[in-house]
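The values are calculated or read from the model by the stated rules, or taken from the named source; none is laboratory data. As the structure is a prediction and not an experimental result, all values here were calculated from the model. Note: ideal-geometry Cβ built from the backbone for every residue, glycine included; neighbour counts use all protein chains shown. Keep in mind that these areas ignore ligands, DNA and RNA; they rest on the heavy atoms of the full protein, side chains included. Shrake-Rupley method; radii C 1.70, N 1.55, O 1.52, S 1.80 Å.
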Amino acid sequence: MNSFTTSALTPAFPVLPRTGLETRLAARPDGFPTPAHFRTVTTAVAAPAPGQVLVRNLFMSLDPGMLLLMSGGSHLPMPRYEVGEVMYGDAVGEVVASADPTLAEGDLVTHRLGWREYAVAGAETFRRVDERAYPSPSMHLGFGLVAYVGLMEAAGLQPGDTVFVSSAAGATGGLAGQIARLKGAARVIGSAGSPEKVAHLTGVLGFDAAFDYHDGPVVDRLHAAAPDGIDVYFDNVGGEQLRAAIEVMNVHGRIAVCGALNRQRAGRPDDGPGDLLSVLGKRLTIRGFTLFDHLDLAPEFGAQFRGWLREGSLVYDETVVDGLPSAPRALLDLVGGRYTGKTVVRLAGAAG
Ligand SMILES: NC(=O)c1ccc[n+]([C@@H]2O[C@H](COP(=O)([O-])OP(=O)(O)OC[C@H]3O[C@@H](n4cnc5c(N)ncnc54)[C@H](OP(=O)(O)O)[C@@H]3O)[C@@H](O)[C@H]2O)c1
């Protein structure tokens, strides 16, 4: 049996960081936030008490869903951010001091205590991950499992399906399109917000067709890209693209509602799917999902994902932003359309 006392442990980690940065919600936004709604401050780093570990965060994830947690009332199955309190989100870090037998100094862990350079909490808060699984620890923050759950569980993807993905150059969409192809989709169509992103979809990520959703009515663009209709829509956006997808959907089509970027960018509720007569007439399924209900699929997905990466059949696209002080602006820029792939913030070893 292991037994620990604070005094016995003290000599094991004599050089602990004294301070670190953390970002708090400064005010609750009414509409789309600005950098003034965040406050990044220096705080003291506590030594771990018995049962706790201290983790130095290497990377944290930026997720458009954070905007909903800032504004509150999102119906998401997670607590909203509170004014004056440090925000949270996915992060990957390295244990720098452990007062619990289940984790050791040097272990790589994932957890939900992002938006801070150092996290100290009970050992059960952290999940040890394999440091050799990916070329960069940041890839543990990828949204591949979100894409997989949406396609396989929510939409029931079948070989031969024609699949449409919105925000297809983003973290989830880029992987949803590629995984759909790897799982046997006959045709994969993506939409994105600029000609450069459209070229990226067909030229780099292997989409069969892509269009810029600013180029005229989406329903016309979708009809042109999918003359035989679509069977599965992976919806990151809502709004006009959801209404267009319902219009172009084949009988018994399935829509997986993953995100609400239209609402997240506007900072106010979306107009929604519109007239539901087509849903009735075509016997469509519209199903919302969250990753948290399907975490049991992580091992099954992880094995396939690493295989695809190894054999070079999947491109992993990532944007890295340096330093916690840059994170608030980067979150707003992410939803504004500045980046492609998964956007992460490098917290350790960042310049400036
Ligand atoms: N269900 C779940 O469990 C789950 C898990 C993770 C994330 N999500 C949600 O999934 C969605 C995608 O997340 P992500 O991290 O992959 O984001 P992302 O696609 O990487 O994010 C940002 C992109 O949103 C696009 N965008 C913003 N407003 C738009 C609009 N009105 N219409 C079309 N595109 C718009 C922008 O690209 P353009 O240049 O193309 O406009 C931008 O590149 C988000 O809503 C997120 O909250 C859900």
Computed for the chain: size of charge dipole around the Cα centre, +1 on C-beta of each Lys and Arg, -1 on C-beta of each Asp and Glu, debye to nearest 20, value 320
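Using the eigenvalues of the Cα gyration tensor, what equivalent ellipsoid semi-axes result for the chain when each is taken as the square root of five times the eigenvalue, whole Å, largest first?
Values: eigenvalues 303, 97, 61 Å².
In descending order the semi-axes read 39, 22, 17 Å.
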Residue by residue through segment 337-345, the couplings from Karplus 6.51 cos²θ - 1.76 cosθ + 1.60 with θ = phi - 60°, in Hz, x for Gly and Pro, are x, 6, 10, 10, x, 7, 9, 10, 10
In terms of the alpha carbon gyration tensor, root eigenvalues a ≥ b ≥ c, rounded if a/c is under 1.5 and otherwise prolate when a/b exceeds b/c or oblate, segment 144-293 is rounded
Computed over the chain, the relative contact order (Cα-Cα under 8 Å, seq sep at least six) in percent reads 17
Between the alpha carbon centres of segment 169-217 and segment 82-127 the gap in Å comes to 35
Note to self: with every protein chain in place and a 1.4 Å probe, the chain gives an accessible area per residue in Å² of 44
Residues whose built amide H sits under 5 Å from the amide H of Asp322, excluding neighbours closer than 5 in sequence, are Arg346
Among Ala123, Ile189, Val315, the residue whose Cα sits farthest towards the positive end of the charge dipole of the chain, when +1 is placed on the Cβ of each Lys and Arg and -1 on the Cβ of each Asp and Glu, is Ala123
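Report, to the nearest whole %, how much of the accessible area of the chain belongs to carbon and sulfur atoms, 1.4 Å probe, protein only.
Its accessible area is 51 percent carbon and sulfur atoms.
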Once the in-chain neighbours fewer than 8 apart are removed, the lysines whose Cα is under 25 Å from Lys342 read Lys183, Lys197
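For segment 75-148, give the magnitude of the charge dipole about the Cα centre (Cβ charges: +1 Lys/Arg, -1 Asp/Glu; no others), in debye to the nearest 20.
Charge dipole, segment 75-148, about its Cα centre: 260 debye, nearest 20.
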